[in-house]
1. Is it the case that Pro59 is closer than 10 Å to Gly10 by Cα and either in contact with a strand residue (DSSP E or B) (Cβ under 7 Å, 6 or more places away or on another chain) or buried (at least 24 other Cβ atoms within 10 Å of the Cβ) (or both)?
2. Of a type in the set (Gly, Ala, Ser) and out of contact with any His (no Cβ under 8 Å at 6 or more places or on another chain): which single residue out of Ala234, Ala240 fits that description?
3. Pick from segment 268-305 the residues that are more than 20 Å from Met221 (Cβ to Cβ) and of a type in the set (D, E, K, R): which of them is surrounded by the most Cβ atoms within 10 Å (Cβ to Cβ)?
4. Can you tell me which residue among Leu146, Leu191, Leu252 is crowded, with 17+ Cβ neighbours inside 10 Å and more than 11 Å from the ligand (Cβ to nearest atom)?
5. What do you reckon, is His205 more than 24 Å from His279 (Cβ to Cβ), within 15 Å of the ligand (Cβ to nearest atom), assigned to a strand (DSSP E or B) and over 18 Å from the mean Cα position of the chain (by Cα)?
6. Given the conditions (1) small (Gly, Ala, Ser); (2) crowded, with 21+ Cβ neighbours inside 10 Å; (3) within 16 Å of the ligand (Cβ to nearest atom), which single one is not true for Ala98?
7. Out of segment 136-161, which residues are within 17 Å of Thr87 (Cα to Cα) and in contact with a strand residue (DSSP E or B) (Cβ under 8 Å, 6 or more places away or on another chain)?
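The values are calculated or read from the model by the stated rules, or taken from the named source; none is laboratory data. Predicted model only: the values in this text are computed from it and were never measured. Cβ sites come from the backbone with ideal geometry, for glycine too, and all protein chains shown count toward neighbours.
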Amino acid sequence: MQEPFVLLSGTANEALARSIARNLGVDIAACEIRRFPDGEVSIELGEPVRGHEVFLVQPTAPPVDPNLVELLALADACRRAAATRVTAIIPYFGYARADKRLTRREPVTARMVADLLQAVGIEHVVTVDLHTDQIEGFFHVPVDALTAVPTLCNALEDRLPDDVVVVAPDAGRVRMATRYARQLHAPVVVLHKERKSGTETAVAHIVGDVHSRACLIIDDMISTGETIGQTIEALIGAGAREEMWVSATHGLLLDGSREKLASTAIREIVVTDTIAPRHTSWPGLHVVSVAPLFAGALKRIHTDGSFNELDRSARDDTRDR
Ligand code: R5P
């Protein structure tokens, strides 16, 4: 008989972990996570994990470094307590944007994080809508990189007008936009951004026709809101109808983002719960859950089942090369 698995949660998004547990009909295992007065993390597993497969749920969302160290410490505790395999469910993978060097004197921090996760004995990673697909290649253990695009499209499809175009705010999001477009039966428009400095970008031109069209702007994450704000301005400048929807997997929605997303053109913003929502009253902001997606992944990993059906509608039939 297969040993039952143990589901553990860090403190970064306990609501999502509870939701995953509900989807699976299990409880989250007891674990005490505290902070010493100097900020160091203290962890004590509340039940044995010896001989069990363990799943840890912890997005490395802000505060990124404390949440990352908490995940590393949880994994270390499980491995030292003789868990058979530790799988990290990382709904939001912090540092994903640091996947390359822009200048010669920078770290590739996403790679460093991958090394750290593996160094503490994490043998499998599950995540959703990674900033770039190649981050998977930073790991030598299996990475199940899921996509929330079908979940987001299901939430959006009845709300969008027939003439909507799916807008990729930069060339890096074309593939994701194509996934949306395929499910929503809409054309894709791409904005070409030019980098002005390490932190500043400007829209150089728009590839595709937006004249008098409603727009669905998609992205992997909304952090400061700058990208979406600029995209809206550029679309309106190009004659798009002031009727826009915004959809992103990771709603970081940092302080100040609400002001940047105050455009009256925005009808609704839809994000998932990969990151614990920070805003309780934001009219027009909808949060859809990726708990069923992660629950499905967890079940398949535990039983060595196939992932084929899990997010099939979002998988590409095309290859870049
Ligand atoms: C950029 O490459 C990303 O895909 C997002 O567009 C960006 O990180 C969003 O950040 P912000 O909301 O601060 O513009």
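1. In short, yes.
2. Just one listed residue meets the conditions, Ala234.
3. Out of the qualifying residues, it is Arg300.
4. Leu146
5. So His205 fails the test.
6. The failed condition is (2).
7. Hits for segment 136-161 are Glu136, Phe139, Val141, Pro142, Val143, Asp144, Ala145, Leu146.
Results for (1) within 19 Å of Asn308 (Cβ to Cβ); (2) outside any helix (DSSP H, G or I); (3) charged (D, E, K, R); (4) modelled with pLDDT of 95 or more, shown as yes or no for each residue.
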{"position": "His131", "(1), (2), (3), (4)": "no, yes, no, yes"}
{"position": "Ile135", "(1), (2), (3), (4)": "no, no, no, yes"}
{"position": "His140", "(1), (2), (3), (4)": "no, yes, no, yes"}
{"position": "Leu152", "(1), (2), (3), (4)": "no, no, no, yes"}
{"position": "Leu160", "(1), (2), (3), (4)": "no, yes, no, yes"}
{"position": "Asp163", "(1), (2), (3), (4)": "no, yes, yes, yes"}
